[in-house]
Each structure stands twice: as structure tokens, then as C-alpha cells.
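S.K.: This is the structure, below, for whatever I ask next.
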Amino acid sequence: GAGVSQSPSNKVTEKGKDVELRCDPISGHTALYWYRQSLGQGLEFLIYFQGNSAPDKSGLPSDRFSAERTGGSVSTLTIQRTQQEDSAVYLCASSLAPGSNQPQHFGDGTRLSIL
Amino acid sequence: QKEVEQDPGPLSVPEGAIVSLNCTYSNSAFQYFMWYRQYSRKGPELLMYTYSSGNKEDGRFTAQVDKSSKYISLFIRDSQPSDSATYLCAMSLYNNNDMRFGAGTRLTVKP
């Protein structure tokens, strides 16, 4: 596809369950980012992948959150033992290369609701 | 104090009005400044990108950066109902993974 693709678009699950969110970046984009957007809040950086380098995990809020990127393309964000405060929109973005002269292109997000 | 402050609004204007959206920030080291537009249930899309201080114009949109005041603005001329969206400011130090976002201002342009 032409843009960043995220799935599922919506996810409702019970507290304590694990969830997996998927991001398919734009073909050829080496940099991939995950953000969390809560109501009334700005985008919160979670994790950043660049090529084969070790990811920048500095934004992950707890050890229940993890992410991987296979083959330098598709990425999966996993939240274990979900809590109600994990409810938010999870956005993925990709860019051609790292550096602020390369704009980030966002997917439409996964809306996660924890009951 | 948040690193980036943005009035969440909502802001409602009549069609054709000039819209002014603003953000202030606390970290004087920010060098790159961006404005994103986000329609309901969609991801943010990049509208404007500027480096350091100055103005940048693109069609009906003008971005201004005043680093001495730590203040950035986005102006929309001849606003249209299709401009109704949430506008997010963002800024970074060196790389995209340093980006900090404002909370977003919700704008409604009424026909």
C-alpha cells in the first residue's frame, strides 16, 4: 500500500489480557516509530527502530510493553497484562531515514479499549 | 510544566476567517518545528516543517517560529470547512525520535 498500515483499527479486550498491535510501514522506510495518543494529550513517544540498530526503548512506560521489528519491515507492539490506563490510540509512523529533515508518515492508529 | 504547551481549544470560526494556532515551549534547544493536521479517527499528516526561526508559507498556511520567545504559530487564511481538524505542533532537537508534541488544538470552521 501507499501509506503506513496498522491493524487492527479497533481492539476491545478485558483487563489482564495480552494484545498485539501491528504496523506495516511504507516500503523502503528504514525508520519506524510507535506513539501513544490519549484523549487530550499529545503524542507520547514509545519506541523507535532504525535499520538493524538496537531500538530506542526509552519511551516504553513499563516492562509490560515490548516491540519488535522483523526483517526491518513490519513491527508488532505487544502489551502484556493490559490495564485500563493502557486505553488509548496507538500510532505508528515511518520515515525514509532518521533525522528531522525526513518527515514522519503516520498510520491511522489502533484504538485500544481495556474493559 | 509541560515541555510543549498548546491550548486544546476548541476553536470555532466562520468560513473565510483567519485562524491563528500557537504553541509555546520550554526547551530552547529545539531546532525543528512542525505542524500536523489530524482528522477525526485518522493519523496526523505533516502540514508544515521549519528549521530554526523565521516564516514559511505554503498556500493558505503560514508557519512562524520565534525562538527568542519560544513561541510558534500556524496561520490559516481563508479558512474552509475542510480545515476542521485537530492541529498538533511538534518540535525536536536533532532527530525525529526526539520529537515532542503539543496536545493539539481542535478547530471547527463553520460554513
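S.K.: Using only the Cα atoms of region B:25-97, build the gyration tensor, take square roots of its eigenvalues as a ≥ b ≥ c, and label the shape rounded, prolate or oblate: rounded if a/c is under 1.5, else prolate if a/b is larger than b/c, else oblate.
M.R.: Values: a/c = 2.32, a/b = 1.46, b/c = 1.59.
Cα axes put region B:25-97 in the oblate bin.
S.K.: I would also like to ask the following. Once the other residues with Cβ under 15 Å from the Cβ of residue B:9 are scored (Lys, Arg +1; Asp, Glu -1), what is the net sum?
M.R.: On the way: positive: B:37, B:106, B:110; negative: B:5, B:7, B:83.
That works out to 0.
S.K.: In nm, give the distance between the simple-model label positions of residue B:15 and residue A:5, each being 7 Å from the Cα along the Cα-to-Cβ direction.
M.R.: Inter-label distance under the simple model: 3.7 nm.
S.K.: Straight-line reach from residue B:70: which lysines have Cα under 23 Å away, leaving out those fewer than 8 places along the same chain?
M.R.: Result set, ordered by chain and number: B:2, B:56.
S.K.: Average partner chain C-beta neighbours within 10 Å, per residue of A:34-41?
M.R.: Working: counts 0, 4, 0, 7, 1, 1, 4, 6.
Shielding by partners across A:34-41 averages 3.
S.K.: Given the Cα-Cα distance of residue A:54 and residue A:41 and 0.36 nm per residue of separation, how much length would full extension add, in nm? Spell out each step's value before the answer.
M.R.: Numbers: separation 13, 0.36 × 13 = 4.68 nm, distance 2.82 nm.
Answer, rounded to one decimal: 1.9 nm.
S.K.: Now for a separate question. Where a Cα-Cα gap under 16 Å defines reach, which aspartates and glutamates qualify for residue A:11, not counting those fewer than 8 residues away within the same chain?
M.R.: Candidates past the 8-residue exclusion: A:20, A:85, A:86, A:108.
S.K.: First select every other residue whose beta carbon is under 10 angstrom from the beta carbon of residue B:102; then total the charges, Lys and Arg +1, Asp and Glu -1.
M.R.: Here the charged neighbours net out to -1.
S.K.: Still on this structure, I have one more. Quote to one decimal, in nm, the extra length available between residue A:12 and residue A:83 on full extension: 0.36 nm per residue of separation minus the C-alpha distance between them.
M.R.: Values: separation 71, 0.36 × 71 = 25.56 nm, distance 1.20 nm.
Extending this stretch completely gives an extra 24.4 nm.
S.K.: If you don't mind, another one. Only residues of region B:57-82 count here: report those whose backbone N is under 15 Å from the spot 7 Å along Cα→Cβ of residue B:108, or say none.
M.R.: Zone members listed by number: B:81-82.
S.K.: Another question, then. Within 10 Å of each Cβ in peptide A:104-112, how many partner chain Cβ atoms are there on average? Round it to a whole number, please. Don't skip to the end; give the middle numbers.
M.R.: Numbers: counts 9, 4, 7, 3, 6, 5, 0, 1, 0.
Mean partner shielding for this stretch: 4.
S.K.: Rounded to the nearest Å, what's the spacing between the alpha carbon centres of region A:1-65 and region B:41-80? Just the number, please.
M.R.: Each part's Cα centre sits 26 Å from the other's.
S.K.: So, one more: Past the 30 Å Cα-Cα mark, which pairs from A:17/B:42; A:17/A:57; A:15/B:110? Each step should come with its number before you reach the end.
M.R.: Values: A:17/B:42 26 Å; A:17/A:57 22 Å; A:15/B:110 41 Å.
Too far apart for the 30 Å limit: A:15/B:110.
S.K.: Over chain B, calculate the relative contact order: mean separation of alpha carbon pairs under 8 Å at least 6 apart, over the residue count, as a percent. Write down the numbers at each step before the final one.
M.R.: Working: 276 pairs, mean separation 41.1, N = 111.
That works out to 37 percent.
S.K.: Same structure, new question: What list of ³J(HN,Hα) values in whole Hz, one per residue of region B:72-89 in order, does the Karplus curve 6.51 cos²θ - 1.76 cosθ + 1.60 (θ = phi - 60°) give from phi, with Gly and Pro shown as x?
M.R.: Computed from phi, the couplings for region B:72-89 are 10, 9, 10, 10, 10, 8, 6, 4, 10, x, 5, 7, 5, 5, 9, 10, 10, 8 Hz.
Taken together, the values in this text are just the output of simple stated rules run on the coordinates, not laboratory data. All values reported here derive from a predicted model rather than from experimental measurement. Heads up, the Cβs are rebuilt from the backbone with ideal geometry, glycines too, and the neighbour counts pull from every protein chain shown.
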